[in-house]
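Here's the structure, in structure tokens; my notes come after.
The values are calculated or read from the model by the stated rules, or taken from the named source; none is laboratory data. What you see is a predicted model, and the numbers here were worked out from it, not measured in a lab. FYI the Cβ positions are ideal-geometry reconstructions off the backbone, even for glycines, and counts take in every protein chain you see.
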């Protein structure tokens with residue numbers, strides 16, 4: 001049975017993760033794995049954060065670095081100065097026996113050490129291949145994911161993504177892992193996902209777009225607009241606050257829908273997108289309200 005993270009969690013693009021987020025990600029191939037981890041790591045380096053990377057223990061460090069550099073500048077300097085650390089999960093509990101409690105204690109030590117060294121925040125990407133490599137009890141790991149690790153994120157100094165290879169874990173485990181995380185990531189950077197918005201209800205049709213709206217996602221974007229047209233509700237709420245990119249074509253398409261449909265339309269978005277809508281004539285559509293953050 002397929003798992004559906006979107007049924008359980010807040011879904012965001014990897015670029016929208018916030019300090020204190022604990023996020024689930026799954027991947028079906030090498031590209032989707034490293035596009036997420038590479039973007040996550042490179043963003044942390046650019047922001048001056050300490051970046052901990054727990055890749056598949058079977059991968060040599062040279063291969064990990066090669067993958068990271070496919071998504072940004074060379075990471076050698078950040079590795080040399082200690083901003084980027086390539087780790088294996090067993091270092092979190094050795095020399096004692098494996099346990100998720102010791103694993104969490106080891107992660108906490110890494111966070112405290114980084115803060116003492118002047119890093120404002122710490123982020124880690126953990127490939128869950130470590131579970132099989134070190135013989136961890138998957139039930140204890142799932143407990144850790146859902147209940148046991150909240151203290152790591154309480155002060156918003158630590159952000160973590162846990163990446164699961166869909167070929168290594170059952171659908172049940174993937175679903176439970178997704179449920180256990182407060183946040184889930186899009187399958188890959190650059191994708192677009194349309195989800196019901198919280199405002200959906202009698203008289204209102206709400207839709208939330210997550211990811212990027214551009215040429216590469218034109219089909220799902222147009223499908224989302226068709227859903228709005230077909231809904232027939234007198235009021236529409238279009239939440240674009242988790243949209244990392246909106247091209248001019250898509251912005252114009254939204255405005256055309258608002259102008260031609262005649263229904264009350266509310267767009268919620270960040271300041272950059274609000275400015276784009278304004279430049280394209282949003283103020284000339286009386287039934288349209290643009291709420292920019």
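Observations
- Screening region 201-231 for residues that are without any contact (Cβ under 8 Å) to a residue 24 or more places away in the chain and not in a helix (DSSP H, G or I) and picking the one that is surrounded by the fewest Cβ atoms within 10 Å (Cβ to Cβ) gives 202.
- So residue 290, is it buried (at least 20 other Cβ atoms within 10 Å of the Cβ) and either modelled with pLDDT under 95 or in a strand (DSSP E or B) (or both): yes
- Residue count, region 36-48 (criterion: out of contact with any helix residue (DSSP H, G or I) (no Cβ under 7 Å at 6 or more places or on another chain) and surrounded by 22 or more Cβ atoms within 10 Å (Cβ to Cβ)): 2
- Scanning region 37-80 for residues that are in a loop (DSSP other than H, G, I, E, B) and in contact with a strand residue (DSSP E or B) (Cβ under 8 Å, 6 or more places away or on another chain), we see that the one that is farthest from residue 162 (Cα to Cα) is 75.
- Selected residue (criterion: surrounded by the most Cβ atoms within 10 Å (Cβ to Cβ)) from residues of region 83-99 that are more than 25 Å from the chain's Cα centre (by Cα) and assigned to a loop (DSSP other than H, G, I, E, B): 93
- Search result, residues across region 245-269 that are assigned to a loop (DSSP other than H, G, I, E, B) and crowded, with 17+ Cβ neighbours inside 10 Å: 247, 263
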